1. Taking the highest mean first, how do the peptides 59-67, 42-50 order by number of other beta carbon atoms within 10 angstrom per residue?
2. Residue by residue through the range 36-43, what is 3J(HN,Hα) from phi via Karplus (6.51 cos²θ - 1.76 cosθ + 1.60, θ = phi - 60°)? Round to whole Hz and write x for glycine and proline.
Amino acid sequence: MAERTVTDSAGRTWTCTAESTGADGATAQGRDVVLVCTSPDVEEPLHITVGWQWESMSAPGLARLITQASPVPKR
């Protein structure tokens with residue numbers, strides 16, 4: 001299962017993995033993927049839906065999607 005780590009604009013580090021979609025854990029081409037992203041700075045895991053080619057998405061693009069869906073960072 002693929003895993004990516006990105007840092008958002010608030011400086012939080014997120015580790016994202018795809019939820020298993022099939023018996024073999026593979027992602028079907030052309031199907032959206034639900035990512036589970038965790039950060040030590042946020043209590044609950046974040047679930048976001050991305051395109052099936054999320055592994056090749058730019059790190060800043062993925063971090064931006066996470067930031068839009070995540071709780072407001074504590075300052």
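Just so it is clear, none of the values below were taken in a lab; they were calculated from the coordinates. Given the structure is predicted, the values throughout are model-derived calculations rather than measurements. All Cβ positions, even for glycine, are placed from backbone atoms using ideal geometry, and neighbour counts span all protein chains on display.
1. Numbers: 59-67: 17.0, 42-50: 13.6.
Packing order, densest peptide first, comes out as 59-67, 42-50.
2. Karplus values, whole Hz, x for Gly and Pro: 10, 10, 10, 9, x, 8, 10, 5.
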